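One structure is given here, and the rest of the page talks about it.
The values are calculated or read from the model by the stated rules, or taken from the named source; none is laboratory data. Values in this document were obtained by computation on a predicted structure and should not be read as measured data. Positions of Cβ are generated from backbone atoms using ideal geometry, with glycine treated the same way; all protein chains shown enter the neighbour counts. Surface areas here come from the heavy atoms of the whole protein model, side chains and all, with no ligands, DNA or RNA. Shrake-Rupley method; radii C 1.70, N 1.55, O 1.52, S 1.80 Å.
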Amino acid sequence: MIKILFVCLGNICRSPLAEAIFKKKLEIEGLSHKILADSAGTANYHVGENPDPRTIEIAEKHGIPVKHKGQQFKKKHREEFNYLLAMDQSNFQNMTREMGGTPSNLILMRDFDPYGKGEDVPDPWYGGMNGFENVYQILNRSLDEFLKHIKEQHSL
């Protein structure tokens with residue numbers, strides 16, 4: 001089983017949306033039995049909580065169910081997951097600090113974005129629905145490329 005963990009700050013906006021979008025793509029591709037996706041936050045603000053209602057709303061608008069409870073990123077995730085995808089540089093640095101170094105399986109989400117390689121996935125927390133839609137579009141296209149990468153790397 002290939003395991004992927006999407007990580008943002010609070011685990012209620014970007015990373016649960018990435019998890020939900022990716023799970024839908026896996027379902028469509030018939031790969032749900034080979035690839036597992038989860039998400040976490042570098043902070044513990046929202047452990048045990050549902051995603052932000054705007055995250056759920058934007059996902060549902062695109063026909064994607066969101067089922068997740070917030071959890072905090074831990075050092076142990078380094079060994080438990082094949083891929084750790086940070087939503088921005090700040091989360092990347094926090095994860096590196098938590099793990100005591102930068103493992104080869106830690107990647108920025110937008111390293112797979114054909115229109116913003118290496119940029120941050122913006123945090124939509126303080127904005128309106130347009131910000132959540134923008135994040136959805138960024139994640140959707142980045143995750144298409146990430147899934148292609150996984151399929152090539154693992155001969156799926």
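Pairs from the list Lys67/Lys151; Lys76/Lys117; Lys3/Lys74; Lys25/Lys67; Lys3/Lys76; Lys23/Lys69 with a Cα-Cα gap above 19 Å: Lys67/Lys151; Lys76/Lys117. So which GluC sites (Glu not before Pro) in region 80-156 pass both tests, a DSSP loop state and at most 16 other Cβ atoms within 10 Å of the Cβ? Loop-located and lightly packed - Glu119. Sites listed here are trypsin sites (Lys or Arg not before Pro) in region 1-106 whose DSSP assignment is loop and whose Cβ has at most 14 other Cβ atoms within 10 Å: Lys34, Lys67, Lys69, Lys74, Lys75, Lys76. Computed on the chain, the Cα convex hull volume stands at 101 Å³ per residue. Cα gyration tensor of region 26-101, axes a ≥ b ≥ c as square roots of the eigenvalues: rounded (a/c below 1.5), prolate (a/b > b/c) or oblate? Judged from the Cα gyration tensor, region 26-101 comes out oblate (a/c at least 1.5, b/c at or above a/b). With protein chains left intact and a 1.4 Å probe, residues in region 1-78 average 46 Å² of accessible area per residue.
The H on the amide N of Leu108, modeled in the peptide plane, is under 5 Å from the matching H of Ala86, each at least 5 residues off or on a different chain.
Legend: translational diffusion of region 110-150 by Stokes-Einstein, Rh = Kirkwood radius over C-alpha pairs, 10 °C, 1.306 mPa s; D = 152 µm²/s. Carbon-plus-sulfur accessible fraction, the chain (probe radius 1.4 Å, protein heavy atoms only): 47%.
Show that you can apply the helix-only estimate: for the chain, add -39,500 (n - 2.57) for every DSSP H stretch of four or more residues, divide by all residues, and state [θ] at 222 nm to the nearest 500. Computed ellipticity for the chain at 222 nm equals -13000 deg cm²/dmol. Here, region 73-132 is characterised by an Rg to Rh ratio of 1.03, where Rg is the alpha-carbon radius of gyration and Rh the Kirkwood radius. Each residue, Asn105 and Lys67, gets one label point 7 Å from its Cα in the Cβ direction; the gap between the two is 2.4 nm. What does the charge add up to near Arg141, with Lys and Arg as +1, Asp and Glu as -1, over the other residues with Cβ less than 12 Å from its Cβ? For residues surrounding Arg141, the net value is +1.
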